[in-house]
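Colleague: Okay, handing you the structure first.
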């Protein structure tokens, strides 16, 4: 019986074998999924912002909230369980731009926060040399994700366009 | 000759609604604009008798458009049609040169009455 | 800067009253637009860590139309209006003065009508608050997304989380009894607006200091 493990905003969880990690409502947020094939270990973070250094209260919240701290924190914990980072591959989902105000992106940045989140996560993966083997990012639709530890597949659902697998 | 009206609002829905109301009372809609920039160039090109202008629009808002139109033609007859009915904003709009202010949501009769009032002032 | 979690019961009640005043006006505006009586619920004031907002606002698997406006002026804030996807055709029928059941397609004109609805309801909401608090409140142009409710909330929550840990939401439901149309109006002050609102409430109510 597959165990559904919910990953909330600014959080991360892991599971094994028949576990399914789920997270909802990825708008500008990004889901970072790590999979270890041999032991079928899956870990997923629901990341909200690209850069913790810009945030006053960063010490008081989970590192999973920020792209620049989530991956490091996940790998550290998984290392304690005996999994070195070399064993993992990554997939990235989300980072959409759901609202545009008359053609302009919100926040006054030339890049919207969804795009910045995706880039920041990819940069962390590159820095830590974790291979990125799949993604479904950008666009204007929200996404929900089910991450199957059994085979590393992500099932991604959108409101209007049904399901796809990555 | 029918009074010629320019409609300015970023919502196509609102432009349609105003067009229907005004057409059904014999007014001629000579143009539509979806922001302040286009309103100013439409005014220059079409020289309407009356302009209906929304306040909150992208690119350039209503107050600024009113000021620019008044600069071009101090006799311009402008009616504001907006959801923003706060005192300070109404005053600002009138000081910029608007002659009347219709608050959304409005009854169709309010639009016609405002237009007719401006037509009478001209006589 | 005051965190929402530091706001005491007196002011929470006051925020609820702001929701009441604003939503009452918005309901009147909607009533004039669709020609039916619109009722409002008692507003809920929620002060929660931003990450928990999707959990406490019901509807994880509902698809909604979300109309999002940014508020500028004396009280920077976010305004979000949501209507269930299943209500949109009936709602746009009513807005266009047509019998419910006329349309089966949300075309460009109807999407424009939804955005304009957001503008008008927000305008009415803000006009009432502005008068009550003696302030100036200006909305942006509206933005529309039709998507799962948590995804619609997501963008707003991410923006808020750049400044604060907690969110303060004032939520009111509006509904029409015959068609069972209902919608939600969320007023979410920006973190640095809370002190401004509290000072304005003090001034308006004449209360010297309730904390």
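Colleague: Based on the Kirkwood radius over alpha-carbon pairs, what value in µm²/s does the Stokes-Einstein equation return for the translational diffusion coefficient of chain A at 4 °C and 1.567 mPa s?
Modeller: Details: Rh = 15.8 Å.
After rounding, the answer is 82 µm²/s.
Colleague: Still on this model: Please give the average number of partner chain Cβ atoms lying within 10 Å of the Cβ of each residue in C:158-170, rounded to a whole number.
Modeller: Working: counts 13, 6, 0, 10, 8, 3, 3, 7, 1, 0, 0, 0, 0.
Mean shielding by partner chains, rounded to a whole number: 4.
Colleague: OK, next. If you build the convex hull over the alpha carbons only and average its shadow over all orientations, what do you get for the stretch B:4-122? Give it in nm² to one decimal. The partial results should precede the final answer.
Modeller: Numbers: hull surface 25.2 nm².
In nm², the orientation-averaged hull projection of the stretch B:4-122 is 6.3.
Colleague: Just the number, please: percent antiparallel of the DSSP beta bridges in the protein assembly as shown, rounded to the nearest 5.
Modeller: Working: 72 of 97 bridges.
Looking only at bridges with both residues in the protein assembly as shown, the antiparallel portion is about 75 percent.
Colleague: Next up: Can you say what percent of the DSSP beta bridges in the stretch B:4-122, counting only those with both residues inside, are antiparallel? Round to 5. The partial results should precede the final answer.
Modeller: Numbers: 0 of 16 bridges.
Close to 0 percent.
Colleague: Here is a follow-up. Need the C-alpha centroid separation for the stretch A:36-60 versus the stretch C:142-165, integer Å.
Modeller: 19 Å
Colleague: Semi-axes of the equivalent ellipsoid of the protein assembly as shown: what are they in whole Å, largest first, if each equals the square root of 5 times a C-alpha gyration tensor eigenvalue? Can you show the working numbers first?
Modeller: Values: eigenvalues 422, 121, 88 Å².
Equivalent ellipsoid of the protein assembly as shown: 46, 25, 21 Å, largest first.
Colleague: Further question: What FRET efficiency comes out for residue A:151 versus residue C:196 if R0 is 56 angstrom and r is the Cβ-Cβ distance? Round to the nearest 0.05.
Modeller: On the way: r = 53 Å, r/R0 = 0.94.
With R0 = 56 Å, the Cβ-Cβ based efficiency is 0.60.
Colleague: Run the paramagnetic zone check for residue B:46: 7 angstrom along Cα to Cβ, then residues of the stretch B:97-123 with backbone nitrogen under 15 Å.
Modeller: Hits in the stretch B:97-123 for residue B:46 at 15 Å: none.
Colleague: Which whole-number percentage describes the relative contact order of chain A, with Cα contacts under 8 Å and a sequence gap of 6 or more?
Modeller: Details: 394 pairs, mean separation 45.0, N = 166.
Averaging sequence separation for qualifying contacts and normalising by length gives 27 percent for chain A.
Colleague: Hey, another quick one. If packing is taken as the mean number of other Cβ atoms within 10 Å per residue, what is the order of C:117-130, C:70-83, B:64-77, C:167-180, highest first? Mind dumping the intermediate values first?
Modeller: On the way: C:117-130: 26.8, C:70-83: 21.2, B:64-77: 17.1, C:167-180: 18.9.
Taking the mean over residues of other Cβ atoms within 10 Å, the ranking is C:117-130, C:70-83, C:167-180, B:64-77.
Colleague: Take the alpha carbon gyration tensor of the stretch C:40-155, find the square roots of its eigenvalues, order them as a ≥ b ≥ c, and report rounded if a/c is under 1.5; if not, report prolate when a/b exceeds b/c, else oblate. It would help to have the intermediate numbers written out before the result.
Modeller: Details: a/c = 2.00, a/b = 1.25, b/c = 1.60.
It comes out oblate by the Cα gyration axes.
Colleague: Would you please put C:5-13, B:88-96 in order of how densely packed they are, using the mean number of other Cβ atoms within 10 angstrom per residue and starting with the highest?
Modeller: Numbers: C:5-13: 14.2, B:88-96: 16.8.
Output ranking for C:5-13, B:88-96: B:88-96, C:5-13.
Colleague: For the stretch B:4-122, what is the relative contact order in percent, using Cα pairs closer than 8 Å and at least 6 residues apart in sequence? List each step's numbers first, then the result.
Modeller: Working: 199 pairs, mean separation 26.7, N = 119.
Contact order relative to length: 22 percent.
Colleague: What is the distance, in nm, between label points placed 7 Å from the Cα along the Cα-to-Cβ direction at residue C:102 and at residue A:37?
Modeller: In this crude spin-label approximation the distance works out to 5.9 nm.
Colleague: Label-point separation (nm) for residue B:94 and residue C:207, each offset 7 Å from Cα along Cα-to-Cβ?
Modeller: With each label point 7 Å from Cα toward Cβ, the separation is 3.5 nm.
Colleague: Could you tell me the distance between the Cα centroids of the stretch C:95-124 and the stretch A:112-147, to the nearest Å?
Modeller: Cα centroid to Cα centroid, the span is 35 Å.
Colleague: Against the longest principal axis of chain C, how steep is helix C:194-205, in degrees 0 to 90 to the nearest 10, with axes from Cα atoms?
Modeller: Approximately 80 degrees, to the nearest ten.
Colleague: Which FRET efficiency value, to the nearest 0.05, is calculated for residue B:110 and residue A:163 with the Förster distance at 35 angstrom and r the Cβ-Cβ distance? Walk me through the numbers before you get to the answer.
Modeller: Details: r = 50 Å, r/R0 = 1.42.
So, using R0 = 35 Å, E works out to roughly 0.10.
Colleague: Oh, and also: How far, in degrees from 0 to 90, does helix A:67-80 lean away from the longest principal axis of the Cα atoms of chain A, to the nearest 10?
Modeller: Roughly 10 degrees, rounded to the nearest 10.
Colleague: What is the extension gain from residue C:17 to residue C:162, computed as 0.36 nm multiplied by their sequence separation minus the C-alpha to C-alpha distance, in nm to one decimal?
Modeller: 49.4 nm
Colleague: If you don't mind, there's one more thing I want to ask. Express the relative contact order of chain C as a whole percentage, based on alpha carbon pairs under 8 Å and six or more residues apart in sequence. Could the numbers behind the result be given before it?
Modeller: On the way: 377 pairs, mean separation 75.1, N = 211.
Here the relative contact order equals 36 percent.
The numbers here are math on the coordinates, done by the rules we state, and not lab data. These numbers were taken from a predicted model, which means no experiment stands behind them. We place every Cβ from the backbone using ideal geometry, glycine too, and count neighbours over all the protein chains shown.
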